[in-house]
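Below is one structure, written out as structure tokens; comments come after it.
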Amino acid sequence: MRLIVFFSNQVSEGMSVVAKEMAEQSLDAQIRLMQTGDRLQHLIYTQQLTRGLLDTIFDTADKARNLNASRMGATFLKECLPNQRALLYFMQPSTRTFLSFHSAASLLGMSCVHITSPGSSSEVKGESPLDSVQTFAMYNDLLVIRHPEADFAAKCVERLMQSEVSKHIISAGSGMEQHPTQGILDVYTLQREFSRKGGVDGRRVLIVGDLARGRAARAFIYLLALYQDVQIDLASPESMKITDDLREYLERRNVTFRESDFMDDFIGEADAIYMTRIQDEYDDKFPVGDVDYDLYSLSRDRLSMMKGNCSILHPLPRRKEIPVFVDRDPRSRYWEQVENGMWARVALIAHILNCDLRIRTA
Ligand code: MLT
């Protein structure tokens, strides 16, 4: 079983009061330290997000999208954060998350640079990754970090607090554990889909595939649990079932959920289906054995078993779990997710850097 990530819990002399407090605290207390009032200063854990905050982020995202449709509105957006700088520090591959953060920062008028390999920073000369991150924070207001280690982004926040550097960090994917911005865009997609049909509350959502190692599915589950009477069905092979901590999280929140080895058990009842790929980059550390992934893939037969108005989501990249012919099915929503990701990230950056109210009231 994996544990929820905590800060290093090492208290040393010379730490600031806030940093000491941070290192000694539970996840709840860390979450409180990472925000000022209702405003997030960093986003590391999906559990930092509340229903109210999601609703505000979705409003900002819709408003920014509408503004950008006119030249005047686009200019207004560009003037929101003109003197702010973002750095994307991506130590794992990425297409959509990288490009959508880059575009989001540019839409808000930020300048944006990136480091995508330790070989292009002083880490090749033996600098520690945390020293590198502290250096990045000297030149930039916002660091967006993707890293294979589950607790790396949290350690970076801890380091900035110890050093009393008040810059902001967003996790763009932390190992198998966290992908909070993917969760935001996935729920944003559902919210847009169901906005004229009563919203996300009360929906039945089927999540399929590698649920043990997929951080996107994990983030989606955390956020779905914030909605009223949502029912979650989970279909995966035995070796890829959700981890105990997530199961306990759902039980604590009284979320109704069912698990099965077969997606066919649930497919006919779902209002939305979230497909995921096999996360085999983690095979060395977390082997799952041989799996017949056809059982967790959409076929013409399965499409015919689905409700006529069921939405098909996928965080992408896809493999054979969604054949290309499904793109033409009117229920597919995964290409919309790609675009929604950019607007959700515009809204999140605007929230953290405190210009979201200006956008919502423009
Ligand atoms: C991720 O980075 O987790 C992606 O968004 C989903 C995936 O890689 O399957």
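The values are calculated or read from the model by the stated rules, or taken from the named source; none is laboratory data. Keep in mind the model is a prediction, meaning the values are calculated, not measured. Here the Cβ is made from the backbone with ideal geometry for all residues, glycine too, and neighbour counts use every protein chain on show.
Annotation note: Cβ proximity below 8 Å between a residue of the range 270-294 that is touching a residue at least 40 places away in the same chain (Cβ under 8 Å) and assigned to a loop (DSSP other than H, G, I, E, B) and a residue that is within 16 Å of the ligand (Cβ to nearest atom) and among the hydroxyl-bearing types (Ser, Thr, Tyr) (sequence gap 6+ or interchain) occurs for 278/293.
The rows are residues; the columns are (1) within 15 Å of the ligand (Cβ to nearest atom); (2) surrounded by 15 or more Cβ atoms within 10 Å (Cβ to Cβ); (3) not hydroxyl-bearing (Ser, Thr, Tyr).
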{"residue": "296", "(1), (2), (3)": "yes, yes, no"}
{"residue": "299", "(1), (2), (3)": "no, no, no"}
{"residue": "304", "(1), (2), (3)": "no, no, no"}
{"residue": "310", "(1), (2), (3)": "no, yes, yes"}
{"residue": "324", "(1), (2), (3)": "no, no, yes"}
{"residue": "330", "(1), (2), (3)": "no, no, yes"}
{"residue": "334", "(1), (2), (3)": "yes, yes, no"}
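For first residues located in the range 88-114 and on the phi > 0 side of the Ramachandran plot, partners that are outside any loop (DSSP other than H, G, I, E, B) and more than 10 Å from the ligand (Cβ to nearest atom) and lie 6+ apart or on another chain with Cβ distances below 8 Å form the pairs 109/77; 109/78.
Consider residue 317 carefully, then state whether it is exposed (fewer than 12 other Cβ atoms within 10 Å of the Cβ), in contact (Cβ under 8 Å) with a residue 60 or more places away in the chain, within 28 Å of residue 98 (Cα to Cα) and not hydrophobic (A, V, I, L, M, F, W, C).
Values: exposed (fewer than 12 other Cβ atoms within 10 Å of the Cβ): yes; in contact (Cβ under 8 Å) with a residue 60 or more places away in the chain: yes; within 28 Å of residue 98 (Cα to Cα): yes; not hydrophobic (A, V, I, L, M, F, W, C): yes.
Yes, satisfied.
Which of the helices (runs of 4 or more DSSP H) found entirely inside the range 98-200 contain at least 1 residues meeting this: outside the structural domain of residue 87 (by TED's automatic domain parsing), out of contact with any Phe, Trp or Tyr (no Cβ under 7 Å at 6 or more places or on another chain) and more than 16 Å from the ligand (Cβ to nearest atom)? Helices (runs of 4 or more DSSP H) meeting the threshold: 180-194.
Of everything in the range 207-249, what is among the β-branched types (Val, Ile, Thr) and either part of a helix (DSSP H, G or I) or over 21 Å from residue 175 (Cβ atoms) (or both)? Give them in sequence order. Answer for the range 207-249, where residues must be among the β-branched types (Val, Ile, Thr) and either part of a helix (DSSP H, G or I) or over 21 Å from residue 175 (Cβ atoms) (or both): 208, 221, 230, 232.
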